[in-house]
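What follows is calculated from the coordinates using simple rules that are stated; it is not laboratory data. Every value quoted in this text rests on a predicted model; they were computed, and no experiment measured them. Every residue, glycine as well, gets a Cβ built from its backbone with ideal geometry; the counts of neighbours run over all protein chains shown.
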Amino acid sequence: MRSLLALLVLAGAAQAGDAPPKMAPDPVALERLVVQDCGSCHGLTLKGGLGPDIRPQALEYYEPDVLQTVILDGMPGTAMPPWRPLITEAEAAWISEYLLKGEAP
């Protein structure tokens, strides 16, 4: 009976247009995304390729919010695509901190 009640409450919330609860970024999945997806353009070691070097020493003068914006909105006129349709702002913030530190925040 409790599970039926919980299901009805969740269904009612979904119908009311409530957004699903936000989950914390998954560090393992995001690190894999950086290595595989970012690495496909920036090089598997992130030293550069089609895109520039994105290791910490190359990004040390950037603020995390600037990198987050680039990740989310891309760079017009370059091969850097916008990731906003695919990741959340929290995930982009995690990635920018990861790139700046060279390790998981």
request  = Report ³J(HN,Hα) in whole Hz for each residue of the stretch 24-37, in order, from the Karplus equation J = 6.51 cos²θ - 1.76 cosθ + 1.60 where θ = phi - 60°; Gly and Pro get x.
outcome  = 5, x, 8, x, 5, 5, 6, 5, 5, 4, 4, 5, 7, 7
key: Cut-off under 5 Å, modelled amide H: who pairs with Gly74 long-range   = Trp83
query = Residue by residue, what Karplus-based ³J(HN,Hα) values in Hz, rounded to whole numbers, does the stretch 91-98 have, using 6.51, -1.76 and 1.60 with θ = phi - 60° and x for Gly and Pro?
reply = 5, 5, 5, 4, 4, 5, 5, 4
request  = Could you pull out every residue, at least 5 positions away or on a different chain, whose amide H is within less than 5 Å of the one on Asp53? Hs are placed 1.01 Å off N in the peptide plane, and Pro or chain starts have none.
outcome  = none
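Within the set of other residues whose C-beta is less than 10 Å from the C-beta of Leu33, count the net charge using Lys and Arg as +1 and Asp and Glu as -1.
So the surrounding residues net to -3.
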message = Once you place label points 7 Å from the Cα toward the Cβ at Met75 and Glu60, how far apart are they in nm?
response = 2.0 nm
note = Eigenvalues of the alpha-carbon gyration tensor of the stretch 26-101, times 5 and square-rooted, give semi-axes in Å, largest first, of 16, 14, 13
